[in-house]
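Asker: Take a look at the following structure, please.
The values are calculated or read from the model by the stated rules, or taken from the named source; none is laboratory data. Everything numeric here is computed off the predicted structure, so don't read it as measured data. Virtual Cβ from ideal backbone geometry, glycine too; neighbours counted across all protein chains shown.
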Amino acid sequence: MLLNEIAKHIEVDEVIGTELSFLEDESYDFDSHMFVTTGKNKPIALLERFKGKEVDWVNSYAYGDSYYDYDFMNLTGNPIAVNPDKGLRDITKEKGWEILGES
């Protein structure tokens, strides 16, 4: 929900994140199965979303803030770290990736 709200204000083609299930009364459905889009699941979700589609990975962008974002960021030609934690900052500096939110 948060990612969809942010996407209203910036130009993006796809939003990929953990999808929450709600009941008709708008309460959370605790019995629903949830695929948590975090860590090692991020590249799985990304590749699944574009399965069977032609994707220009070299000209695609990925944004992350955590060491655990590395795997999905590494799939694109333009990985950008945003206020990265120490683990991602170290990788970012080693690979020469762009960093936003740091001086």
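Asker: Scan region 36-47 and tell me whether some residue there is touching a Leu at 6+ places or on another chain (Cβ under 8 Å), modelled with pLDDT of 90 or more and not in a helix (DSSP H, G or I).
Answerer: Among the residues of region 36-47, not one is touching a Leu at 6+ places or on another chain (Cβ under 8 Å), modelled with pLDDT of 90 or more and not in a helix (DSSP H, G or I), which makes the answer no.
Asker: Mind listing just one residue for me: the one in region 54-89 that is hydroxyl-bearing (Ser, Thr, Tyr), under 11 Å from the mean Cα position of the chain (by Cα) and within 17 Å of Thr38 (Cβ to Cβ) and, of those, surrounded by the most Cβ atoms within 10 Å (Cβ to Cβ)?
Answerer: Tyr70
Asker: For region 49-97, give me each residue that is modelled with pLDDT under 95, in a strand (DSSP E or B) and in contact with a helix residue (DSSP H, G or I) (Cβ under 7 Å, 6 or more places away or on another chain).
Answerer: The answer is Ala62, Gly64.
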